[in-house]
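Written below as structure tokens is the structure these notes are about.
The values are calculated or read from the model by the stated rules, or taken from the named source; none is laboratory data. Computed from a predicted structure; not experimentally measured. Please note: Cβ atoms are built from the backbone with ideal geometry, for glycine as well, and neighbour counts cover all protein chains shown.
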């Protein structure tokens with residue numbers, strides 16, 4: 001299963017100024033970009049639902065030419081949820097109480113369906129009197145069309161086009177366009193890997209789509225084609241390495257269970273966290289082991 005929250009949190013944490021510049025130019029016009037400071041993880045307990053929620057992204061920034069601060073709270077939702085507007089107000093109230101600063105709340109929705117607009121406010125009214133009206137901004141990706149972001153030289157645009165509105169037949173084109181945009185951004189290798197991994201996760205093509213993707217790739221300018229192919233090749237290499245590791249792990253676990261019987265969950269976890277070279281080394285060392293104590297000593301030797 002895709003860990004949607006982790007992917008979006010990584011994207012926003014690494015490219016937060018770019019996210020704000022893309023969707024909220026009115027904010028970026030008012031803040032000091034270099035003042036961005038990520039606040040500690042905030043845990044809020046929902047007494048009604050009986051849940052503990054770690055808020056996604058909480059950032060403190062400064063106004064330009066003013067001795068004042070404000071906080072931007074950004075939540076990611078991978079599904080439509082009844083009553084989420086009330087929950088956003090609860091988050092706002094707790095943060096305002098703790099920090100006593102203006103809070104700018106944002107929700108980014110990444111679900112594919114439904115496509116009906118999500119609420120962007122929470123209102124309490126008694127008789128004809130409005131007791132409370134709380135408003136927040138919503139970015140609902142399935143309400144945005146990918147073609148509107150093609151010319152945005154922004155890494156967040158490159159990533160999020162993969163979750164925007166598109167027809168099924170457009171999937172190969174969107175993937176290629178996202179990668180073409182990515183190659184123009186002059187990011188470092190780690191940033192390219194983060195964005196390209198995001199794109200590949202949400203636009204994993206089937207065999208027919210892959211044929212269309214390769215045909216379209218062959219028709220772009222040679223230099224661009226080479227840069228896109230470097231990214232695609234890195235995906236293939238990672239996939240092969242992951243496949244090799246799973247094969248090594250499966251074989252090794254079969255050998256260990258045959259020699260020592262079922263091992264503890266702790267040992268299983270430690271073995272699964274080994275790199276491919278370490279698994280190969282363990283496979284060779286296993287030939288000289290006589291009992292589980294030798295396995296434990298081998299782990300201790302790793303330091």
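Which of the residues spanning segment 105-122 are part of a strand (DSSP E or B) and surrounded by 14 or more Cβ atoms within 10 Å (Cβ to Cβ)?
105, 106, 107, 108, 109, 122
Within segment 146-165, identify whether any single residue is surrounded by fewer than 12 Cβ atoms within 10 Å (Cβ to Cβ) and part of a strand (DSSP E or B), and answer yes or no.
no
Looking only at residues in segment 194-221 that are free of Cβ contacts under 8 Å to residues at least 24 places away in the same chain and assigned to a loop (DSSP other than H, G, I, E, B), which one is nearest to residue 15 (Cα to Cα)?
204
Taking residue 232 as meeting all but one of (1) modelled with pLDDT under 75; (2) within 27 Å of the chain's Cα centre (by Cα); (3) surrounded by 15 or more Cβ atoms within 10 Å (Cβ to Cβ), write down the number of the exception.
Failed condition: (1).
Please work out if residue 161 is in contact with a strand residue (DSSP E or B) (Cβ under 8 Å, 6 or more places away or on another chain), closer than 30 Å to residue 85 by Cβ and touching a residue at least 12 places away in the same chain (Cβ under 8 Å).
Here the answer is no, as residue 161 does not meet what is asked.
How many residues are buried (at least 18 other Cβ atoms within 10 Å of the Cβ) and either in contact (Cβ under 8 Å) with a residue 40 or more places away in the chain or assigned by TED's automatic domain parsing to the domain that holds residue 11 (or both) when one looks only at segment 166-193?
6
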